[in-house]
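J.: Input: one structure, supplied below.
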Amino acid sequence: MPVRRILTIDKYEKLLRSKSQPVKQINKEIKALIRDIKDTISDPSIPANGLAAPQIGILKRVFGVRLGYVDEDSDETLSPPLIFINPEIIEEQPEVVRDFEGCLSIPGMMGNTDRKLKIKVRYTDEKGKRVVQDFEGWDARVVQHELDHLNGILYLDRLESKADLYVWVRDDKGELEAVPYLDVIRDAATPTEDTSGSKLRLPGVKTRSQAK
């Protein structure tokens, strides 16, 4: 199956903030969706740790993740994508850890969020088997991130404040560095334009403190 185009918040925010529907049976449509998710995650041009069905325009409760953190400069082999169907967290430890998150649907940005350190998840695998599995650390973070997508939640919604958000920009040497979002909007005297000439719009950010 083809590698799918990933929807981004600038054009598809309404869809990305919609809740996905449960999968009733693993039919031909769902099998095709699973193949598309796996093929898209596995594409070497896409830096994906995970991908949820809504990110390719399908509001079904399915996502795939790569388990085990691998640094982009490492020679370690990435794990094959693991598929989750109708996942739910059935147990979580109170301890949380703060770390960075990025999202293919929010390109050019990253943020620091709090996530549960340990979770237990019940899901159906791609062969239709019911699975209960524990996840910890980075794996728990990735699973929680993708599960949020199925509920119409983006990591932007989990920021404590806009001070936790960063924008990737290139320095004088052409290397990417993370610059605080607040610094970017403060220093932007004029709208930034991309190479095609269209205005680059930074998404509106509703943080957890603003949502209370």
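J.: Being in a loop (DSSP other than H, G, I, E, B) and out of contact with any strand residue (DSSP E or B) (no Cβ under 8 Å at 6 or more places or on another chain), is that true of even one residue in the range 120-128? Even if it seems obvious, please write down each step before you answer.
T.: Initial filter on the range 120-128 (in a loop (DSSP other than H, G, I, E, B)): 125-128.
Add one more test, that the residue is out of contact with any strand residue (DSSP E or B) (no Cβ under 8 Å at 6 or more places or on another chain), and what stays is 127-128.
Yes: the range 120-128 contains one or more residues that are in a loop (DSSP other than H, G, I, E, B) and out of contact with any strand residue (DSSP E or B) (no Cβ under 8 Å at 6 or more places or on another chain).
J.: For the range 163-187, which positions are crowded, with 17+ Cβ neighbours inside 10 Å and either of a type in the set (A, V, I, L, M) or out of contact with any helix residue (DSSP H, G or I) (no Cβ under 7 Å at 6 or more places or on another chain) (or both)? Don't jump to the end; show me each part of the working.
T.: First, the residues of the range 163-187 that are crowded, with 17+ Cβ neighbours inside 10 Å: 164-167, 181.
Hits for the range 163-187 are Asp164, Leu165, Val167.
J.: I've got another one for you. Which of the residues belonging to the range 16-70 are among the aliphatic types (A, V, I, L, M), closer than 17 Å to Arg4 by Cα, open to solvent by less than 40 Å² (accessible area, probe 1.4 Å) and not in a helix (DSSP H, G or I)? Please lay out each step first, then the result.
T.: We begin by selecting, within the range 16-70, every residue among the aliphatic types (A, V, I, L, M); these are 16, 23, 26, 30, 32-34, 37, 41, 46, 48, 51-53, 56, 58-59, 62, 65, 67, 70.
Restricting the remaining residues to those that are closer than 17 Å to Arg4 by Cα gives 16, 30, 32-34, 37, 41, 46, 48, 51-53, 56, 58-59, 62, 65.
Adding the requirement that they be open to solvent by less than 40 Å² (accessible area, probe 1.4 Å) leaves 16, 30, 32-34, 37, 41, 46, 48, 51-53, 56, 62, 65.
Scanning the range 16-70 gives Ile46, Ala48, Leu51, Ala52, Val62, Val65.
J.: Shifting gears a bit: So which residues in the range 139-162 are touching a Phe, Trp or Tyr at 6+ places or on another chain (Cβ under 8 Å) and open to solvent by 50 Å² or more (accessible area, probe 1.4 Å)?
T.: Result: Lys162, single match.
The values are calculated or read from the model by the stated rules, or taken from the named source; none is laboratory data. None of these values were measured; they are calculated from a predicted model. A quick note on method: Cβ atoms are made from the backbone with ideal geometry, for glycine too, and the neighbour counts reach across all protein chains shown. These area figures cover heavy atoms from the full protein model, side chains too; ligands, DNA and RNA do not enter into them. Shrake-Rupley method; radii C 1.70, N 1.55, O 1.52, S 1.80 Å.
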